[in-house]
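Step one of this worksheet: look at the structure below.
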Amino acid sequence: MSDPADQRRYPALRVLSVSNQQGGVGKTTTAINLGTALAAVGEKVLIVDLDPQGNASTGLGIPRGQRKVTVYDVIVHGASLADAAVATALPGLDLAPSDPNLSGIEMELASAQRRSFRLRDAIAGLRARAEGEGYSYVLIDCPPSLNLLTVNAMAAADAVLVPLQCEFFALEGLTQLMRTVELVRGSLNPRLEIQGVVLTMYDRRNRLSEQVASDVRSHFGEKVYKTMIPRNVRVSEAPSFGQPVLVYDLNCLGSQAYLSLAREVVGRERHRRVAAAH
Ligand code: ADP
Ligand code: MG
């Protein structure tokens with residue numbers, strides 16, 4: 001048994017916010033497929049779909065009609081995440097579904113107390129469960145902006161995982177995101193870390209792709225995962241079948257890349273735990 005004090009510092013449940021204020025960079029794809037890959041290596045995973053668009057919910061085959069208690073109920077009405085969670089087709093992977101009403105919470109919570117901590121308070125309910133019984137990872141799929149939803153995600157998270165598309169403005173966008181993480185660290189969540197930056201839609205034949213990857217690595221060094229997610233048509237086809245790509249086509253390059261990313265993520269978390277114990 002580890003020291004309970006260590007568990008408090010590095011609790012059994014790890015909460016990762018999949019964030020980037022730019023749209024179309026691979027947040028949802030990463031949340032779904034990293035979540036699936038983590039479940040495949042034995043973790044117990046909950047994906048929280050915090051985007052009013054609900055792409056993670058649809059991509060995991062949970063249609064509107066099956067979304068009874070949603071993340072909107074959790075954030076606005078204080079429903080529990082355990083009640084919102086629905087099982088996906090994959091053992092070990094649950095989803096707390098989105099709701100289009102999430103797009104209105106900025107107004108709805110305008111004068112509410114602890115408006116930035118709604119998700120954190122809900123996750124505290126999950127953390128209270130005994131080790132081994134509950135989830136080992138929560139992945140939060142953020143909307144493409146730095147609004148109250150993303151702030152809730154960063155206030156609730158242990159660490160941020162940033163998908164970055166190998167495109168021209170990637171570095172500017174990343175610098176802005178890092179500034180936001182600093183702001184959240186200075187106010188709402190002093191312990192927020194960067195889990196890592198994952199390069200997505202990487203195309204080896206494209207010079208720009210290679211240039212951006214090498215620029216990002218030279219600026220952010222070790223923070224960038226070794227794994228790069230290749231641009232792969234199987235990855236983009238899978239959501240229309242309501243399946244993670246690992247279920248749709250386990251052997252394609254995209255699936256193999258997400259498995260390799262999952263191993264890096266778990267390795268980093270283990271490393272942190274060991275470091276925290278000393
Ligand atoms: P975000 O959630 O950041 O807006 P998405 O994950 O929805 O981004 O991805 C944007 C689009 O790019 C989607 O159509 C998705 O299917 C596609 N896509 C994401 N990753 C890949 C990839 N590795 N290969 C090919 N298409 C991808
Ligand atoms: Mg998305």
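Using a probe radius of 1.4 angstrom, the carbon and sulfur fraction of the accessible surface of the chain is 53%.
Divide by every residue of the chain the summed helix terms, -39500 (n - 2.57) for each DSSP H run of at least 4, and state the resulting mean residue ellipticity at 222 nm, rounded to the nearest 500 deg cm²/dmol. It would help to have the intermediate numbers written out before the result.
Numbers: 13 runs with 125 residues, N = 278.
The helix contribution divided over the chain gives -13000 deg cm²/dmol.
For residue 14, the residues 5 or more places off, or on other chains, whose built amide H falls under 5 Å of its own are 137, 138. Couplings 3J(HN,Hα) of segment 52-69, computed from phi: x, 5, x, 5, 5, 5, 5, x, 9, x, 10, x, 3, x, 8, 8, 7, 9 Hz, in residue order, whole Hz [Karplus 6.51 cos²θ - 1.76 cosθ + 1.60, θ = phi - 60°; x for Gly and Pro]. Taking Lys and Arg as +1 and Asp and Glu as -1, the other residues whose beta-carbon sits under 15 Å from that of residue 70 total -4. Extension gain, residue 176-residue 260: 0.36 nm per intervening residue step, less the Cα-Cα distance, totals 27.5 nm.
Near the amide H of residue 79, within less than 5 Å, lie the amide hydrogens of 74, all on another chain or at least 5 residues away, with H placed in the peptide plane. Across the chain, the longest run free of exposed loop sites, meaning trypsin sites (Lys or Arg not before Pro) lying outside DSSP classes H, G, I, E and B with no more than 13 other Cβ atoms within 10 Å, spans 206-278.
Which length gain, in nm to one decimal place, applies between residue 77 and residue 183 when the Cα-Cα distance is subtracted from 0.36 nm times their residue separation?
Working: separation 106, 0.36 × 106 = 38.16 nm, distance 2.71 nm.
Computed gain between residue 77 and residue 183 is 35.4 nm.
What Kirkwood radius, in Å to one decimal, follows from the Cα pairs of the chain? Don't jump to the answer; show the numbers that get you there.
Working: mean 1/r = 0.0534 Å⁻¹.
So the Kirkwood estimate lands at 18.7 Å.
Taking the Kirkwood radius as Rh and the Cα radius of gyration as Rg, segment 148-278 has a ratio of Rg/Rh equal to 0.99. The phi torsions of segment 200-210, fed into the Karplus equation with coefficients 6.51, -1.76 and 1.60 and a -60° offset, translate into couplings of 10, 6, 6, 10, 4, 7, 9, 4, 4, 3, 5 Hz, rounded to whole numbers, with Gly and Pro shown as x.
Projecting label points 7 angstrom from Cα along Cα→Cβ for residue 133 and residue 194 puts them 3.8 nm apart.
Taking amide H atoms as placed 1.01 Å from N in the peptide plane, the amide H of residue 96 lies under 5 Å from those of 47, 48, 49, 86, each 5 or more residues away in sequence or on another chain.
Give me the percent of DSSP beta bridges within the chain that run antiparallel, rounded to the nearest 5. Write down the numbers at each step before the final one.
Details: 2 of 29 bridges.
Of those bridges, close to 5 percent are antiparallel.
Placing a pseudo-label 7 Å from each Cα along the Cα-to-Cβ vector at residue 107 and residue 207 gives an inter-label distance of 4.9 nm. Counting lysine pairs in the chain whose alpha carbons fall under 23 angstrom apart, excluding pairs fewer than 8 residues apart on the same chain, gives 4. Using only side-chain charges placed at the Cβ, +1 for Lys and Arg and -1 for Asp and Glu, the dipole size of segment 65-139 relative to its Cα centre rounds to 120 debye.
Test of understanding: what is the full-extension gain from residue 218 to residue 253, defined as 0.36 nm times their sequence separation minus their Cα-Cα distance?
Numbers: separation 35, 0.36 × 35 = 12.60 nm, distance 2.54 nm.
This chain segment gains 10.1 nm when fully extended.
Accessible surface for the chain, divided over its residues, is 46 Å² per residue with a 1.4 Å probe.
Per-residue Karplus couplings for segment 145-152, computed as 6.51 cos²θ - 1.76 cosθ + 1.60 with θ equal to phi - 60°, are listed in order as 6, 9, 8, 4, 5, 5, 4, 4 Hz, Gly and Pro entered as x.
The values are calculated or read from the model by the stated rules, or taken from the named source; none is laboratory data. Note that the structure is a prediction, hence the values are computed from the model and not measured. Neighbour counts run over all protein chains shown; Cβ positions are idealised from the backbone, glycine included. When the accessible area is computed, the model is the full protein with side chains, heavy atoms only, and any ligands, DNA or RNA have been set aside. Shrake-Rupley method; radii C 1.70, N 1.55, O 1.52, S 1.80 Å.
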